[in-house]
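> Below is the structure I would like to discuss, written out as structure tokens.
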Amino acid sequence: MSYREDNDLEFLSKCSSEELNDLVDCILHSSNEELSDSFEYQHYVPDHCRYWENIAAEIQKFGGNSIVNAVRGTGVTYREILCDVCNQLGVKYSQSVTVSEIEHSLLSSLNLVRKDGEKKEDYFPRVKDKSQKLASKVSRKNFFQQSILGGSLSGVLLTGPAFRVTVPVVIQVAILRGLVCKD
């Protein structure tokens with residue numbers, strides 16, 4: 001799957017490999033990830049910044065319907081993924097604000113805004129633990145909905161966004177943007 005140009009993911013090109021590490025770990029924990037099969041990953045890991053577009057393409061793929069992604073050859077924009085995650089988690093936001101502002105609403109609602117003076121080594125484990133718990137909760141909720149709905153609607157849910165992956169990935173992207181972009 002190829003990277004779809006996306007201004008909201010371009011900042012990943014400014015991240016260090018160390019900064020991208022947790023994001024790559026989130027992606028690699030998915031059973032249907034394709035990042036590890038890419039030429040760039042296999043030749044440059046752990047130098048993640050050398051294949052940031054592959055990382056971005058993987059994020060876009062996870063956020064879209066797998067059948068539609070296959071037809072168009074790309075995933076969806078990060079903004080669409082972020083809004084889907086916010087909707088899934090019941091986070092209130094305005095469509096008219098920037099991605100950075102929506103991410104702030106998400107992190108605030110999850111009590112994941114970095115506290116003044118909080119060290120990275122304390123902050124990142126707290127974020128990782130919270131995002132994994134949320135992903136598990138969302139995954140169980142979607143499984144329950146699929147079990148009840150059955151039939152053709154279940155197929156739509158199964159091919160839609162992989163929230164067990166997109167929730168922690170979006171949280172990681174939001175945190176990275178806060179570290180790298182400092183609006």
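> Can you pull the three principal axis extents for the Cα set of the stretch 57-133, in Å, largest first?
47, 27, 19
> Also, I was wondering about something else. Sort 8-14, 53-59, 165-171, 102-108 for me by packing, meaning the mean count of neighbouring Cβ atoms within 10 Å per residue, highest on top.
So the order, starting with the most tightly packed, is 165-171, 53-59, 102-108, 8-14.
> Which residues' amide hydrogens lie under 5 Å from the amide hydrogen of GLY75, considering only partners 5 or more residues apart or on another chain, with H built in the peptide plane?
Amide H neighbours of GLY75: ARG4, LYS61.
> Right, something else. Contour minus end-to-end for LYS115 and VAL45, with contour as 0.36 nm per residue of separation and end-to-end as the Cα-Cα distance? Please report the intermediate quantities before stating the final value.
Numbers: separation 70, 0.36 × 70 = 25.20 nm, distance 3.17 nm.
Additional length available on full extension: 22.0 nm.
> List, in order, the whole-Hz ³J(HN,Hα) value for each residue of the stretch 96-102 obtained from phi through the Karplus relation with A = 6.51, B = -1.76, C = 1.60 and θ = phi - 60°; use x for Gly and Pro.
My calculation for the stretch 96-102 gives 7, 9, 6, 4, 4, 5, 5 Hz in order.
Here, each number is a calculation from the coordinates, and none is a lab measurement. Since the model is a prediction, treat every value here as computed from it, not as a measurement. Neighbour counts are summed over all protein chains in view; Cβ atoms, including those assigned to glycine, are modelled from backbone coordinates with ideal geometry.
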